[in-house]
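Colleague: Provided herewith is a single structure, encoded as structure tokens, for subsequent inquiry.
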Amino acid sequence: MTRKRCVVLIDGSNFYFKLKDLRLHNLLDFNFAAFSKKLAKDYEVVKCTYYVGKVRTDGTEKMQKLFNNQRRLLAHLRKNKVIYSLGYLLKSDGKFHEKGVDVNIAVDILVATYENLADRIIIVSSDTDLLPAIKKAKEKDKVVEYVGFSHKVSVALVANCSESTLLKKEDLESFIIKS
């Protein structure tokens, strides 16, 4: 019998801010490889993708710092065998907003479904914009698991996914690499 396969899709901004709420905000200390393996349980992780808006430098010190930090994060992800998918950042009213990230995640849910890349799709995001893709994957007999955070649960994702896992701070602390 062949081993069951899964994909792990991590909404980077969502993940970062949920970790920050828990005071676990240094992503360069996070062991993504062990995290995805733990989420997969007895499934083989065929692909783990981290989605984030691409920082572009505009010559200002602040943007250069963000750009350099993102480059370090992307190198850390590569070291952890995590693929990354870049949307973009749009600045409006002095604030940055990610664009294209949700669409990239939704497309990857559908690609995993229709190209039969996985039996299980694990989504680490609380974004309800993903619901149409989630519902379609479930219609095609894929197990879709919502991985959220116990301190900020997406009721809509719990209701619409096949399974849910809600993480607490202590669940995540074991993935912090001690320097």
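The values are calculated or read from the model by the stated rules, or taken from the named source; none is laboratory data. Owing to the predicted nature of the structure, the values given are computational and were not obtained by experimental measurement. Positions of Cβ are backbone-derived with ideal geometry, glycine not excepted, and every protein chain shown enters the neighbour counts.
Colleague: Taking the range 151-179, which residues are among the hydroxyl-bearing types (S, T, Y) and exposed (fewer than 13 other Cβ atoms within 10 Å of the Cβ)? Don't jump to the end; show me each part of the working.
Modeller: At the first step, the residues of the range 151-179 found to be among the hydroxyl-bearing types (S, T, Y) are 154, 162, 164-165, 174, 179.
Answer for the range 151-179, where residues must be among the hydroxyl-bearing types (S, T, Y) and exposed (fewer than 13 other Cβ atoms within 10 Å of the Cβ): S174, S179.
Colleague: Would you confirm, using the coordinates I've provided, whether V124 is exposed (fewer than 12 other Cβ atoms within 10 Å of the Cβ) and aliphatic (A, V, I, L, M)? Can you show your working first?
Modeller: Details: exposed (fewer than 12 other Cβ atoms within 10 Å of the Cβ): no; aliphatic (A, V, I, L, M): yes.
Answer is no for this residue.
Colleague: Out of D102, D141, report the one residue that is buried (at least 17 other Cβ atoms within 10 Å of the Cβ) and not β-branched (V, I, T). I'd like the intermediate steps shown before the answer.
Modeller: On the way: D141 fails: buried (at least 17 other Cβ atoms within 10 Å of the Cβ).
Within the list D102, D141, the selection yields D102.
Colleague: Just checking, does the range 16-25 include any residue being acidic (D, E), part of a helix (DSSP H, G or I) and in contact with a Phe, Trp or Tyr (Cβ under 9 Å, 6 or more places away or on another chain)?
Modeller: If we filter the range 16-25 for residues that are acidic (D, E), which is where we start, we get 21.
Within this subset, residues satisfying the condition of being part of a helix (DSSP H, G or I) are 21.
Now narrow it down to the ones that are in contact with a Phe, Trp or Tyr (Cβ under 9 Å, 6 or more places away or on another chain): 21.
For the range 16-25, residues acidic (D, E), part of a helix (DSSP H, G or I) and in contact with a Phe, Trp or Tyr (Cβ under 9 Å, 6 or more places away or on another chain): present.
Colleague: Step by step: first the residues of the range 39-65, then only those that are of a type in the set (D, E) and either part of a strand (DSSP E or B) or under 30 Å from D171 (Cα atoms) (or both), then the one that is nearest to the chain's Cα centre (by Cα). Which residue is that? If you could, list the steps in order and put the result at the bottom.
Modeller: Looking only at the range 39-65, we keep the residues that are of a type in the set (D, E), and these are 42, 44, 58, 61.
Subsequent filtering for residues that are either part of a strand (DSSP E or B) or under 30 Å from D171 (Cα atoms) (or both) retains 42, 44.
On the way: D42: 20, E44: 17 Å.
Step by step, filter the range 39-65, then rank; the result is E44.
Colleague: Of the residues Y51, Y84, Y88, which single one is touching a helix residue (DSSP H, G or I) at 6+ places or on another chain (Cβ under 9 Å) and at pLDDT below 90?
Modeller: On the way: Y51 fails: at pLDDT below 90; Y84 fails: at pLDDT below 90.
From the options Y51, Y84, Y88, the qualifying one is Y88.
Colleague: Among the residues that make up the range 96-114, is at least one of them outside any strand (DSSP E or B), more than 30 Å from T57 (Cα to Cα) and modelled with pLDDT under 95? Can you show your working first?
Modeller: If we filter the range 96-114 for residues that are outside any strand (DSSP E or B), which is where we start, we get 100-114.
Going one step further and asking which of them are more than 30 Å from T57 (Cα to Cα), we end up with 109-114.
Applying the additional criterion that residues be modelled with pLDDT under 95 yields none.
No: zero hits.
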